[in-house]
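J.: Take this structure, written in structure tokens, and hold onto it; I'll ask about it next.
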Amino acid sequence: MTNPANVSGKVLINRSPVLDAFMAESSVAPVATGRMGRRRSRPAPGTAQKREEETDAYGRRAVELSAFYQGKIETVPKVPVRSLDDFALWYTPGVAEVSRAIHAHPDLSFSLTGRWNTVAIVTDGSRVLGLGDIGPRAALPVMEGKALLFKFLGGVDAIPIPIQVSSPDQFIATVEALAPAFGGINLEDIASPKCFGILEGLSKRLSIPVWHDDQLGTAAATVAGLLNALELTHRSVEEVRTVLLGAGAANLVTARLLLALGHDPHRLTLVDQRGVLHAERDDVDELMVRNPWKYRLALRTNGGGRSGDLAHALDGADVLLAASTPDPDTVKPAYVRSMAPDPIVFALANPVPEIWPDVARSAGAAIVATGRSDFPNQVNNSLVFPAVFRGVLDARARAIPDEVVLVAARELAAGTKRRGLTPHHLLPTMEESEVFPEVAAAVGDAAVRLGIARTKLSHEEFLDRARTLMGRSAKLVRALARARLTPPMPRVARRGGRRR
Amino acid sequence: MSATGDGSARPGTSASPEGPGMSIHLRPARDADVPVLVPLLLRLKRLNEEFDPLLKVRDDADEQARQVLHANLADPKAIVLAAEGVGADKDRVVGFVRAVVRERPFYVPEHEGVILDIYLLPLYRRRGVGEYLLREISAALKAKGAGVVTAEFPAQNEIASRFYAKRGFRPITAIHARSL
């Protein structure tokens, strides 16, 4: 609910002594720019400090706007209310008959209520963005932001649910208890490796799709970009040698998806802080206990018996998929020079890639991708999750198996190709939004083909539905703004000036 | 205390380690094997550290392991089997199993074969080799008069629990500990 005091747009910030004190102590500088959200030119490495200042400015502005809007989403009725008499239909006594129908046929909950389009965004706050374990309360603004993305990009009603739990089992039990209200579960910002067990456990127990963006979304976007990069450099996934730097949520799933696509496990090498992951490494027994997902890859991959550090692993490799730590010196130009001809370099750490794109290209990289929107080829979860959820929700799917994730990745790649594949256009930009309903429809088709769809629509029906629902939210947001039901964004405070 | 390797043999597959691409050769260990058995034994004990602070490995565990293994090899009540690779790993010891026969003064059967350690290098796991080792050591313990076979491993080692449970083992005694 918007604070009525703000509807006029005149009050910039809701005064709070606690917030004022936080802002005064905070190291971030006051906002000095009104360029939020605009596309910026590509910065050189030397501008890293400027970028940090800009990030600070975003932070300051976000706090001010959060205090103004007091939340990013709200529930809105989707039925007419002509008079109070209508509540006899929407509520008691009429609604009892709807409940009886669902009691008799539980799957009717997907068609007689909003369940089909409602997703829970669940987190324990154990790994929020780059902030680490900040707990469920502090995770809420991020979950609200994700809910906004779900609605705006995917037309999905998403409810932020940060939960206070003390173990993965309790997490699973809690979400299982919530599931009757939802058509899908989106896990968010959960530390690795416990996120793997939670996703696996919930996928097994629930008959609705369960997704963890840090695993599946990032991996699907990475694979999509890689498929196009391979196409551009005339190679196939079966023949390349690939190094994955970083063995966290994203890369462990990327590795699994690559293997599912036919990548030779012997030609796949994972590298983490301890160097090349291989079966005889000292910590492999520990991994068996602590991180069986990584352990299994340690046993299957790195057929050449390589050991040592990233430099050893990259020698002669075709592809580097880095999802590690934000440090531009992680991947040195010499490593790129040692790779096979026309190397493909994905440096996906945020906010700073493992190697700056221009540095990678100077060292011979044929194709470079990052996680950032201000460079070409942004590998971005938001390319994937709205479309995947649109597809599985429209199919009332029971799960999201890897086959579906791969269909989404392939379609994302194919959609980009249809619009012109170049080394600077491996993936659609967020503006090329016509691709996303196509991905959603492909996902819906896959759910039907795999026998996990409760609703079997044709491709055209899925596509039509996705276009309508994914386009609707932008209209909704515009209409609310036009009607002044969403107050306009308040003016920017002057540097060091009064906030009024 | 001991643990097994990752015992999650694929369901429905036979336990035979002699399948294509995979086989090992099992034989009684000799004194000459001790230098290669020590690091394997220590890997296992270090794995046990993961499960409980009271299973912290001693600084001199290396020397202890050497002495214990030599003593076992000289002890008619102890069995140490060495698993050798074949092909490229021929003659390389890739795992071992160690067990002793203990008397049970109050119970029948009167002798129990206690599996103290089973360890396989990671690349040899998940292929039924662990099950093969278990079968062979059980037979050897039976031949030494054991009427029951038991296995010792950290209580928190669920992988070992599952490995043995799948093969008909159940908990019969429990050891609970607290520091003094």
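The values are calculated or read from the model by the stated rules, or taken from the named source; none is laboratory data. Everything numeric here is computed off the predicted structure, so don't read it as measured data. Cβ placement follows ideal geometry from the backbone for every residue including glycine, while neighbour counts extend to all protein chains displayed. The protein model used for the area step is the full one, side chains on, heavy atoms only, and it has no ligands, DNA or RNA in it. Shrake-Rupley method; radii C 1.70, N 1.55, O 1.52, S 1.80 Å.
J.: Ignoring everything except DSSP H segments at least 4 long, calculate the 222 nm mean residue ellipticity for the protein assembly as shown; use -39,500 (n - 2.57) per segment, divide by total residues, nearest 500.
T.: Counting only the DSSP helices, I get -12500 deg cm²/dmol.
J.: Sort B:37-45, B:74-82 by packing, meaning the average of other beta carbons within 10 Å per residue, with the highest value first.
T.: Those peptides, ordered most packed to least, come out B:37-45, B:74-82.
J.: Mind checking the full-extension length gain between A:GLN164 and A:THR113? Use 0.36 nm per residue of separation minus the Cα-Cα distance, one decimal, nm.
T.: 15.6 nm
J.: Within a 10 angstrom radius of each residue's Cβ in A:281-288, how many Cβ atoms of other chains show up on average? Whole number is fine. Don't jump to the answer; show the numbers that get you there.
T.: Numbers: counts 1, 2, 1, 6, 13, 4, 2, 9.
Partner-chain Cβ atoms within 10 Å, mean over residues of A:281-288: 5.
J.: Just counting partner chain Cβ atoms within 10 Å, what average do the residues of peptide A:294-303 show around their Cβ?
T.: Mean shielding count: 2.
J.: I've got another one for you. For the Cα atoms of chain A, what angle does the longest principal axis make with the long axis of helix A:435-449, in degrees from 0 to 90, nearest 10?
T.: Helix A:435-449 sits at roughly 90 degrees to that axis.
J.: Set the bar at 21 Å for Cα to Cα. Now go through A:LYS151/A:LYS475; A:LYS417/A:LYS475; A:LYS72/A:LYS475; A:LYS294/B:LYS166; A:LYS78/A:LYS151; A:LYS194/A:LYS294 and name every pair that lies beyond it.
T.: Checking Cα-Cα distances, A:LYS417/A:LYS475; A:LYS294/B:LYS166 exceed 21 Å.
J.: OK, next. Can you list, bin by bin at 5 Å, the percent of alpha carbon pairs in chain B, starting at 0?
T.: Per 5 Å bin, starting at 0, the Cα pair percentages come out as 1, 8, 17, 21, 21, 18, 10, 3, 1, 0, 0.
J.: Further question: Just the accessible area per residue of chain A, please: how many Å² with a 1.4 Å probe?
T.: 46 Å²
J.: What is the average number of partner chain Cβ atoms found within 10 Å of a Cβ in B:120-129?
T.: Taking all residues of B:120-129 together, the mean is 3.
J.: Which one of B:LEU133, A:GLY217, A:LEU202 is farthest out on the positive end of the charge dipole of the protein assembly as shown, using unit charges on Cβ (Lys, Arg +1; Asp, Glu -1) and the Cα centre as origin?
T.: In the protein assembly as shown, that residue is A:GLY217.
J.: Rounded to the nearest 10 degrees, what's the angle between the helix A:168-178 long axis and the longest principal axis of chain A, both from Cα atoms, 0 to 90?
T.: On a 0 to 90 degree scale, this one is about 40.
J.: Please report the buried accessible area for the interface of B with A, total over both chains, probe 1.4 Å, in Å² to the nearest 100. Numbers along the way, then the final one.
T.: On the way: alone 10520 and 23650 Å², together 32890 Å².
For B against A, buried area totals roughly 1300 Å².
J.: Additional query: Could you give me D for region A:104-208, from Stokes-Einstein at 10 °C and 1.306 mPa s, where the hydrodynamic radius is the Kirkwood radius over C-alpha pairs? Units µm² s⁻¹, please.
T.: Stokes-Einstein gives a translational diffusion coefficient of 113 µm²/s.
J.: Rounded to the nearest 5, what % of the DSSP beta bridges within chain B are antiparallel ones?
T.: Numbers: 21 of 26 bridges.
Taking every DSSP beta bridge within chain B, about 80 percent pair in antiparallel fashion.
J.: Using 7 Å Cα-to-Cβ label points, what is the B:ALA174/A:ARG478 separation (nm, one decimal)?
T.: With each label point 7 Å from Cα toward Cβ, the separation is 6.6 nm.
J.: Would you please put A:211-222, A:254-265 in order of how densely packed they are, using the mean number of other Cβ atoms within 10 angstrom per residue and starting with the highest?
T.: Values: A:211-222: 26.5, A:254-265: 19.3.
In decreasing order of mean packing, A:211-222, A:254-265 become A:211-222, A:254-265.
J.: How large is ³J(HN,Hα), in whole Hz, for each residue of region A:216-229 in order, when computed from phi with the Karplus curve 6.51 cos²θ - 1.76 cosθ + 1.60 and θ = phi - 60°, using x for Gly and Pro?
T.: 7, x, 5, 5, 5, 5, 4, 5, 4, x, 5, 4, 6, 5
J.: Please label the shape of region A:270-411 as rounded, prolate or oblate, based on the square roots a ≥ b ≥ c of the eigenvalues of the alpha-carbon gyration tensor (a/c under 1.5 means rounded; beyond that, a/b larger than b/c means prolate, else oblate). The partial results should precede the final answer.
T.: Details: a/c = 2.13, a/b = 1.17, b/c = 1.82.
Oblate.
J.: Work out the FRET efficiency for A:THR55 and A:SER458 from their Cβ-Cβ distance, taking R0 = 56 Å, and round it to the nearest 0.05.
T.: 0.75
J.: Right, here's the next one. Which percent of the accessible area of the protein assembly as shown is formed by carbon and sulfur heavy atoms (probe 1.4 angstrom)?
T.: With neighbouring chains kept in place, the figure for the protein assembly as shown is 55 percent.
J.: So what are the ³J(HN,Hα) numbers for region A:417-424, from phi and the Karplus equation (6.51, -1.76, 1.60; θ = phi - 60°), rounded to whole Hz, Gly and Pro as x?
T.: For region A:417-424, the Karplus curve yields 4, 4, 9, x, 8, 9, x, 9 Hz.
J.: Using 7 Å Cα-to-Cβ label points, what is the B:ALA139/A:LEU65 separation (nm, one decimal)?
T.: The modelled label-to-label distance comes out at 7.2 nm.
J.: Just the projected area, averaged over all directions, of the convex hull on the alpha carbon atoms of chain A: how many nm²?
T.: 25.2 nm²
J.: While we're here: Which far-off residues, 5 or more places away or on another chain, put their amide H under 5 Å from the one on A:LEU187, with H placed in the peptide plane?
T.: A:VAL122, A:TRP211, A:HIS212, A:ASP213
J.: Multiply the residue gap between A:ASP315 and A:GLU434 by 0.36 nm, knock off their C-alpha separation, and tell me the result in nm, one decimal place.
T.: Net length gain for the segment: 38.9 nm.
J.: Run through the DSSP bridge list for the protein assembly as shown and note the antiparallel percent, rounded to the nearest 5.
T.: 45 percent
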